[in-house]
Amino acid sequence: MSALSGLRIAVPRGALLGETLDVLDRLGVDTAEVRSNDRKLLFEDAGIVTMRPSDVPTYVEAGAADIGITGKDVLVEQAEREVYELHDLGFGACRMILATVEGPDPAEEALRRLGMVRVATKYPKLAAAYFERTGRQAEIVEVKGSVELAPLTGLAEAIVDLTATGTTLRENGLVERETIFEATARLIANPVAHKLKAAAIDDLLGRVRAG
Amino acid sequence: MVAVIHPIPSGTRDVLPDEMRELRAISDALRGVFDREGYGEIATPSLEHESVLARGGAGGPLPAYRVVDDHGAVLALRSDMTVPIARVVATRYATADPPLRFCYFANAFRSVRPHRGQQREFLQAGVELLGAPGAEGTAEALRVLCASLDATGLEHYRVGLGDASLYPALLAEAGVPEEARAGLLHELSTRDFVGLERKLRALSLSGEARERLLTVPQVRGGEEVLGDGGAGLRAVVELLPDDVRARVIFDLGLVRDLAYYTGAVFEVYDPGLGQPIGGGGRYDELLGRFGRPLPAVGFALTVDSLHVALTGEERLS
């Protein structure tokens with residue numbers, strides 16, 4: 001039996017990949033092939049499938065992977081996914097923030113004078129929920145890349161985005177106005193695997209917790 | 001020639017003969033068992049008065065689709081059969097001696113995100129056992145559930161068994177303030193153990209109580225996991241025949257989405273499908289809301305999901 005006791009894990013490519021593989025190394029999984037090959041997606045022997053972080057809940061919910069690792073930002077945006085959130089892995093710490101250009105806050109002015117603020121984001125659901133929860137009217141503009149561009153070009157007054165260090169924001173003359181929540185990497189599980197493969201999942205969870 | 005496409009609403013679909021034959025075979029297998037076990041089949045209208053369905057309670061299976069009829073009455077498409085059957089029992093069987101046994105094959109309607117195995121309109125097959133209290137009633141429902149699944153040819157399924165009253169009782173026992181309980185139950189029902197731990201840490205509880213509230217809902221396994229608090233489930237399982245008993249996985253954190261459950265709850269899992277195929281539980285208070293208080297238990301299987309699981313087992317074998 002492999003180091004994952006026969007479980008298949010969905011591993012996020014991108015910023016979380018390195019530390020995810022470090023966690024798997026500590027569990028005794030051989031990640032050398034994953035590290036050396038950034039085109040291959042399925043590593044059958046190691047029990048690893050790699051994908052975009054935002055696809056991890058999709059694969060895990062459907063049972064195409066038993067467990068997975070992804071950011072809390074993805075889980076909040078895809079809140080309707082039926083997956084178990086088992087453990088906060090602690091790495092990949094970021095903040096979901098509301099930012100606008102520096103100087104007088106244009107979002108505040110838009111709300112005061114127009115009753116409505118335009119918000120550009122890659123996270124339309126959580127951004128809409130946040131504005132609703134805080135009692136403000138917002139038009140959510142979904143963009144797929146470089147959100148920072150939106151307030152600089154007049155597409156929107158504000159952005160909702162994930163930031164780790166704030167460097168990109170500063171470089172684009174944006175300032176953080178509100179923190180919506182803090183996000184870290186989470187270990188998630190398929191609800192059926194959580195029951196049918198309970199021993200394997202609990203064993204893995206215990207070893208992850210022990211570090 | 002270009003085919004003309006006349007669209008149907010997303011989350012609905014047409015069933016053509018090849019599929020229908022297979023679905024029919026599943027339904028026939030289930031019906032054979034329901035019938036043999038003495039569960040009489042009933043049908044109720046797809047449309048009910050919204051006020052009737054609302055008696056299912058807050059957090060219950062709220063109807064997703066409403067229409068206003070030509071007299072101005074607000075009607076809704078039923079979201080399950082348990083609430084309509086509760087209505088039937090209170091009105092048509094007001095004086096009949098319990099226990100009453102009913103089964104149904106009926107389309108139910110919910111607002112769901114259309115994806116694998118989830119539909120707006122879906123066929124449910126299920127039974128309701130009314131007036132059979134406690135462990136005996138629950139054990140009968142589990143026995144009929146497993147006999148039904150066996151009859152369809154599903155081989156590797158397991159039944160998760162939990163107790164909807166367990167966690168609320170633990171919260172009360174640990175002295176968790178009333179106003180904090182709903183939040184903790186929300187984390188549990190959204191299966192977020194990280195959120196649960198966080199909320200528990202924010203409360204002033206003894207380390208031991210906090211540990212219990214965090215670990216107990218993550219406990220699942222064989223009969224060895226039934227420590228204190230599992231007495232109700234132990235009573236159920238002791239009444240089960242061996243083959244059914246072997247299917248049970250105890251799951252002390254099992255919560256069902258429907259709010260009317262009061263005691264034992266269960267869900268069916270199969271390696272052929274990533275989501276539960278169906279489930280059920282005790283709802284001892286629902287009938288009282290319709291004026292005929294009777295303890296009750298039932299289950300519903302989503303026939304499409306069962307079909308997908310059967311196909312999945314074929315693929316896995």
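Readers should treat all values here as calculations from the given coordinates under stated rules, not as data from a laboratory. Because the structure is predicted, anything quoted here is derived from the model rather than measured. Positions of Cβ are generated from backbone atoms using ideal geometry, with glycine treated the same way; all protein chains shown enter the neighbour counts.
In percent, rounded to a whole number, the relative contact order of chain A is 28, using alpha-carbon pairs under 8 Å and six or more apart.
Kirkwood hydrodynamic radius of the range B:36-185, from the reciprocal of the average inverse Cα-Cα distance over all distinct pairs: 18.2 Å. Over all other residues within a Cβ to Cβ distance under 11 Å of A:GLY18, the charged ones net out to -1, with Lys and Arg as +1 and Asp and Glu as -1. If the chain linking A:GLU108 and A:ARG133 were pulled fully straight, counting 0.36 nm for each residue of separation and taking away their Cα-Cα distance, it would gain 7.3 nm. Only alpha carbons enter this Debye calculation for the range A:94-182, each as an equal point scatterer, and the log10 of I(q)/I(0) it gives at q = 0.11, 0.20, 0.23, 0.25 Å⁻¹ is -0.24, -0.87, -1.18, -1.42. If a/c stays under 1.5 just call it rounded; otherwise compare a/b with b/c (prolate if a/b is bigger, oblate if not). Do that for the protein assembly as shown, with a ≥ b ≥ c from the square roots of the Cα gyration tensor eigenvalues. Prolate, because a/c is 1.5 or more and a/b exceeds b/c. The residue among B:VAL4, B:GLY32, B:SER148 whose Cα reaches farthest toward the positive pole of the charge dipole of the protein assembly as shown, with charges on the beta-carbon of Lys, Arg, Asp and Glu, is B:VAL4.
Amide H to amide H, with H built 1.01 Å from N, A:ARG13 comes under 5 Å of A:MET51, A:ARG52, counting only residues 5 or more places away or on other chains. For A:LYS144, the aspartates and glutamates whose Cα falls under 13 Å of its own Cα, not counting residues fewer than eight places away in the same chain, are A:ASP161.
Per-residue 3J(HN,Hα) values for the range B:264-275, derived from phi via the Karplus relation 6.51 cos²θ - 1.76 cosθ + 1.60 with θ = phi - 60°, read 4, 10, 8, 9, 9, 10, 9, x, x, 8, x, 10 Hz in sequence order (x marks Gly and Pro).
Each Lys and Arg adds +1 at its Cβ and each Asp and Glu adds -1 at its Cβ; summed about the Cα centre, the protein assembly as shown shows a dipole of about 560 debye. What residue among A:ALA32, A:ALA127, A:ALA150 shows peak mean-square fluctuation when chain A is described by a Gaussian network model with Cα springs under 10 Å? Of the options given, A:ALA32 has the highest mean-square fluctuation. Using 1/(1 + (r/R0)^6) with R0 = 35 angstrom and r between the beta carbons of B:ILE8 and A:ASN37, what's the FRET efficiency to the nearest 0.05? According to the calculation, E is roughly 0.20. Each 5 Å bin from zero holds the following percent of Cα-Cα pairs in the range B:168-218: 4, 22, 41, 27, 6. The H on the amide N of B:LEU301, modeled in the peptide plane, is under 5 Å from the matching H of B:ALA125, B:GLY126, each at least 5 residues off or on a different chain. Helical runs assigned H by DSSP (4 residues or longer) give chain B a calculated mean residue ellipticity at 222 nm of -11500 deg cm²/dmol, each run adding -39500 (n - 2.57) before division by the residue total.
Here the sum of -39500 (n - 2.57) over DSSP H runs of 4 or more residues, divided by the residues of chain A, equals -9500 deg cm²/dmol at 222 nm, to the nearest 500. Taking 0.36 nm per residue of separation and subtracting the Cα-Cα distance, full extension of the segment from B:ALA73 to B:SER46 would add 8.2 nm. Mind checking which of B:GLY272, B:ALA174, B:VAL74 is farthest towards the positive end of chain B's charge dipole, using Cβ charges of +1 (Lys, Arg) and -1 (Asp, Glu) about the Cα centre? Selected residue: B:VAL74.
Structural size metrics of chain A, computed from C-alpha coordinates, are Rg and Dmax of 19.3, 64 Å.
Taking a Cβ cut-off of under 10 Å around A:MET116, the surrounding Lys, Arg, Asp and Glu residues balance to a net charge of +1, with basic ones at +1 and acidic ones at -1. Rounded to the nearest 0.05, the FRET efficiency derived from the C-beta distance between A:LEU152 and A:GLU19 at R0 = 35 Å is 0.65. Here each label is just a point 7 Å from Cα along the line to Cβ, and for B:GLU121 and B:THR91 those points are 2.3 nm apart. Evaluating 6.51 cos²θ - 1.76 cosθ + 1.60 at θ = phi - 60° for every residue in the range A:31-44, the Karplus couplings come out as 9, 4, 5, 5, 5, 8, 10, 9, 9, 5, 10, 10, 10, 4 Hz, glycine and proline recorded as x. Extending 7 Å from Cα along the Cβ direction at A:LEU27 and again at B:ALA25 yields two label points whose distance is 3.8 nm. From the residues B:VAL308, B:SER204, B:PRO293, which one has its Cα farthest along the dipole of chain B in the positive direction, the dipole being from +1 and -1 charges on Cβ of Lys/Arg and Asp/Glu about the Cα centre? The listed residue farthest towards the positive side: B:SER204. Across chain B, the volume of the C-alpha convex hull divided among the residues equals 172 Å³ per residue.
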